[in-house]
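The values are calculated or read from the model by the stated rules, or taken from the named source; none is laboratory data. Source: prediction; values computed, not measured. Cβ coordinates were reconstructed from backbone atoms using ideal geometry, including for glycine residues, and neighbour counts include every protein chain displayed.
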Amino acid sequence: MQQPTLGAEGWHPDPQAAGFERFWDGTAWTAKSRPRQGRRGGSGSGAGGRVGIIVAVVAVLALVGGGILAFFAFAAKPAVEQQAQLVDTGKDRSYDSAAKSDAAKLGLTIATYYTDHDGAPPSITVTGGRYVFAGDQTLGSEPVSDGVTFGGVTGTGNTGWCVWVETTATTPTAWHFSALEGLVEGPCG
């Protein structure tokens, strides 16, 4: 760097950076640098220059920051949709398991009924969140699982009956339990 003609310590125009000043310690240039101050003139000098630079920096930061926020908003959207899909899939599996369990409970109760009875299977109603068996007080009632609705009971005799339930999940399925097949996906029929 060129040495200033003034030997005095202080801020002088930076010979390698237009519009900036560098500090001269009286014998050599230091690493201290700053935009040229208003008293010296030049482009970008004074309060007006500083305000312009500050406005430009804030505008650039706002554009960059806005771009970053937009990127993450769009990047996060698929993740949110995937999470919702996982929740729905989990709900479907949970309801499906509950439907299997309810169909098996109802089927085993009807199988028990046929140890002492012939003819049509007992009728089943849903009352107060419970499956209620009519025709034999010893059968009692069973709770209806969340996400499951009663489908119906068909057939006659201890080998021809079938009972089914359905899920209320996003992908509805039915499960039935029959004397001949045991637990099988789908309604009776």
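Restricting the first residue to the range 168-182 and requiring it to be in the same structural domain as GLY107 (by TED's automatic domain parsing) and over 11 Å from PHE150 (Cα atoms), which pairs with a second residue that is acidic (Asp, Glu) and modelled with pLDDT under 90 meet a Cβ separation below 6 Å and a spacing of at least six or different chains? Listed by first residue and then by second, the contacts come to ALA169/ASP92; THR170/ASP88; THR170/ASP92; THR171/ASP92; THR173/ASP96.
For the condition touching a residue at least 60 places away in the same chain (Cβ under 8 Å), assigned to a strand (DSSP E or B) and either surrounded by 15 or more Cβ atoms within 10 Å (Cβ to Cβ) or in the same structural domain as ALA99 (by TED's automatic domain parsing) (or both), what is the one hit in VAL153, VAL165, VAL132?
Working: VAL153 fails: touching a residue at least 60 places away in the same chain (Cβ under 8 Å); VAL132 fails: touching a residue at least 60 places away in the same chain (Cβ under 8 Å).
The unique qualifying residue is VAL165.
Scanning the range 113-129 for residues that are in a loop (DSSP other than H, G, I, E, B) and within 30 Å of ARG93 (Cα to Cα) yields PRO121, PRO122, SER123, GLY128, GLY129.
Count, please, the residues in the range 115-127 that happen to be surrounded by fewer than 17 Cβ atoms within 10 Å (Cβ to Cβ) and modelled with pLDDT under 90. Before you say what the answer is, go through the steps one by one.
Kept after step one, since they are surrounded by fewer than 17 Cβ atoms within 10 Å (Cβ to Cβ), are these residues of the range 115-127: 115-120, 123, 125-127.
From the residues that got through so far, the ones that are modelled with pLDDT under 90 too are 115-120, 123, 125, 127.
Residues flagged as surrounded by fewer than 17 Cβ atoms within 10 Å (Cβ to Cβ) and modelled with pLDDT under 90 within the range 115-127 amount to 9.
The set of residues in the range 169-188 that are of a type in the set (Gly, Ala, Ser) and not in a loop (DSSP other than H, G, I, E, B) comprises ALA174, SER178, GLY182. Looking only at residues in the range 135-145 that are assigned to a loop (DSSP other than H, G, I, E, B) and not acidic (Asp, Glu), the one that is surrounded by the fewest Cβ atoms within 10 Å (Cβ to Cβ) is GLY140.
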